[in-house]
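Below you will find the structure I want to go over with you.
FYI, it's all coordinate maths here, none of it is from the lab. This is a predicted model, so every value here is computed, not measured. Counting neighbours? That spans all protein chains shown, and the Cβs are built from the backbone with ideal geometry, glycine included.
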2 protein chains.
Amino acid sequence: MTTHDNDAFKPIATVDLAIFSLTPAGLSVLLVRRTSAPFAGDWALPGGWIHIDEDADLEAAARRVLKEKTGVETPYLEQLQTTGNRDRDPRGWSISIVYIALLSADDVAERQDAMAEEAEWRPIEGEGVGLSLAFDHAALLKEALGRIRSKVEYSSLPGHLLPVRFTLSELQSVYESLLGRKLDKSAFRKRMAEADFLEPVEGEMRRASNRPAQVFRLKDTRSLVLFDRRI
Amino acid sequence: MTTHDNDAFKPIATVDLAIFSLTPAGLSVLLVRRTSAPFAGDWALPGGWIHIDEDADLEAAARRVLKEKTGVETPYLEQLQTTGNRDRDPRGWSISIVYIALLSADDVAERQDAMAEEAEWRPIEGEGVGLSLAFDHAALLKEALGRIRSKVEYSSLPGHLLPVRFTLSELQSVYESLLGRKLDKSAFRKRMAEADFLEPVEGEMRRASNRPAQVFRLKDTRSLVLFDRRI
């Protein structure tokens, strides 16, 4: 196997990120327009080669890419899967380690200036963005969407996409929008209380339709809370 | 970024396999003794470099390694996770894409001759095998065990470890052994019937303690059936 223990026989290795947040258009993903070959001019998931002289580990590589593209440092990050084959990149046998990142809508708004020039939020439509993407990124995005949609059913995931402070009505509305169905208000509030991932922002109320509503935030923005059954 | 677009800057990439089956000692994992540096003489999960001239994709690389070590071709294979950092391999920045394989006890017994000379089944004790392993393979094995144990709760996984033909009593006994608790016989049989992943082997009965028991096999050996709730 010594011939394979050689740089010329190593596959290409990249980290690629499916970065989600809520924009006025709904659930959205961050795309970048490629400026060089292959697929120059095409939209793609943000990603890059692992920098072995700089990145301590895969997650550090993913966080570096995230920061380069969005200016944001420490959101929720989760490894989705790794794809690798001889066909996906014209430059050669290529591995993509795919991460999912969830950004609060506040981070998106505040860091608009720090965002890479060629980056853009695109609303999700069905299983993609209604655009052809570079490499196999349309398939990777579809997988990422499947993962986050399945997690909406039994986790605090939607809370990671909202602005940092939100009311229970706003949270319910995001759950409903991601699930594509209405939820019963009192059952929803009971489940949120049981799941215990929210804390009230002391003394902060927001005027809702008829009476002031308590404002909440996540207890921990870095990890999802999993429910013991579907919402 | 051109300096990183160079073989000398690529990480090492391997596939490593946590291959499980049932042996007379219970749930067991296949280990190989390393014959060369680094970690020569230590036990490790079977694995190897991706052969970019030979492997079409990651799964093909995993199946090739599986066949080299066990002689078996097409069992259940599932990607667990990818680990990569600058410290895990003294030869340099290294990525391991880890797969879980489940082998039927029949395959293990029949292919004993095809198994690589330095390979050996080791019974699981707690979260490992009671041996120090090469690289970070003890941590990878612990992750793999966590994954399969969590799947026992809500899937057909134990059926993939048994001999190809088994009775419901034998299946229940493997569930109980992997879960570490007893199950109610009639509730267990009801759940197995609902999950619909078994088929009776026509006309094949086995003498149990008092009366003949129907023999079953999996409808599909290549994929797990997930239950809609915990067993």
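Measuring from a point 7 Å past the Cα of A:Arg191 along Cα-to-C-beta, which residues in the stretch B:192-230 have an amide N at less than 19 Å?
B:228-230
When the helices in chain A are scored as -39500 (n - 2.57) per DSSP H run of 4 or longer and the sum is shared across all residues, what 222 nm value do you end up with, to the nearest 500 deg cm²/dmol?
Numbers: 5 runs with 58 residues, N = 231.
Calculated at 222 nm, the ellipticity per residue is -7500 deg cm²/dmol.
Let me ask something additional. Please give the charge dipole size of the protein assembly as shown, origin at the Cα centre, charges +1 on K and R Cβ atoms and -1 on D and E Cβ atoms. Round to the nearest 20 debye.
On the way: 62 positive and 72 negative charges, 433 e Å.
Using only the charged Cβ atoms, the result is roughly 2080 debye.
Taking only Cα atoms, what is the 0 to 90° angle, nearest 10, from helix A:137-152's long axis to the longest principal axis of chain A?
Helix A:137-152 sits at roughly 30 degrees to that axis.
Kindly express, to the nearest 10 degrees and within the range 0 to 90, the angle between helix A:58-70's C-alpha long axis and the longest C-alpha principal axis of chain A.
70 degrees
Have a look at B:Ala62, B:Ile52, B:Ile148 and report the one farthest towards the positive end of the charge dipole of the stretch B:29-155, computed about the Cα centre with Cβ charges (Lys/Arg +1, Asp/Glu -1).
Result: B:Ile148, furthest along the dipole toward the positive end.
The stretch B:39-57 to the stretch A:94-137: how many Å between their Cα centroids?
If we compute the Cα centre of each part, the gap is 34 Å.
Based on the mean of other beta carbon atoms within 10 Å per residue, what is the order of B:107-114, A:96-103, most packed first?
Values: B:107-114: 14.0, A:96-103: 23.8.
Output ranking for B:107-114, A:96-103: A:96-103, B:107-114.
For label points placed 7 Å from Cα toward Cβ, what is the shortest-first list of nm distances from A:Ser169 to its copies?
6.3
Restricting to the protein assembly as shown, compute how many DSSP beta bridges are antiparallel as a %, nearest 5. Before the final figure, lay out the partial values.
Details: 66 of 86 bridges.
Bridges in the protein assembly as shown are about 75 percent antiparallel.
If you take each beta carbon of peptide B:87-95 and count the beta carbons of other chains within 10 angstrom, what is the mean? All intermediate terms of the calculation are to be shown ahead of the outcome.
Numbers: counts 2, 1, 0, 0, 1, 2, 10, 1, 10.
Averaged over the peptide's residues, the number is 3.
Mind scanning B:Lys151/B:Lys219; A:Lys151/B:Lys67; A:Lys151/B:Lys219; B:Lys69/B:Lys190; A:Lys151/A:Lys185; A:Lys142/A:Lys190 and naming the pairs with a C-alpha gap bigger than 27 Å? Kindly include the intermediate steps, with their values, before the conclusion.
On the way: B:Lys151/B:Lys219 18 Å; A:Lys151/B:Lys67 35 Å; A:Lys151/B:Lys219 29 Å; B:Lys69/B:Lys190 38 Å; A:Lys151/A:Lys185 20 Å; A:Lys142/A:Lys190 32 Å.
With Cα atoms farther than 27 Å apart: A:Lys151/B:Lys67; A:Lys151/B:Lys219; B:Lys69/B:Lys190; A:Lys142/A:Lys190.
Taking beta carbons within 10 Å but only from partner chains, what does the mean come to for residues A:9-18? Show your work: numbers first, answer last.
Details: counts 8, 11, 12, 7, 9, 1, 2, 0, 0, 0.
Across A:9-18, the average partner-chain Cβ count within 10 Å equals 5.
Ignore the peptide's own chain and count Cβ atoms of other chains within 10 Å of each Cβ in A:78-86; give me the average, rounded.
On the way: counts 0, 3, 1, 5, 10, 5, 14, 8, 8.
Rounded to a whole number, the mean comes out at 6.
Determine the percent antiparallel among the DSSP beta bridges restricted to the stretch A:2-151, to the nearest 5. Numbers along the way, then the final one.
Values: 24 of 34 bridges.
Once the DSSP bridges in the stretch A:2-151 are tallied, antiparallel ones form about 70 percent.
Using a 7 Å offset from the Cα along the Cα-to-Cβ direction at both B:Arg33 and A:Phe227, what is the distance between the two label points in nm, to one decimal?
Distance between the two pseudo-spin positions: 5.3 nm.
Under a point spin-label approximation (7 Å from Cα along Cα-to-Cβ), what is the B:Glu153-A:Asp106 distance to one decimal in nm?
Each label point lies 7 Å from its Cα, and together they span 3.3 nm.
Which order, highest average first, do B:149-158, B:31-40 follow once you tally other Cβ atoms within 10 Å for each residue and take the mean per peptide? Display every interim value, and only then the final one.
Working: B:149-158: 18.9, B:31-40: 14.5.
Ranking, from highest mean packing down: B:149-158, B:31-40.
Something else: Can you list the copy-to-copy distances for B:Arg206, using a point 7 angstrom from Cα toward Cβ, in nanometres, shortest first?
6.0
Spelling out what I want: for every residue of the stretch A:106-115, take phi, set θ = phi - 60°, compute 6.51 cos²θ - 1.76 cosθ + 1.60 (Karplus), and round to whole Hz; glycine and proline get x.
The phi angles translate into 5, 4, 4, 5, 5, 9, 3, 5, 7, 5 Hz.
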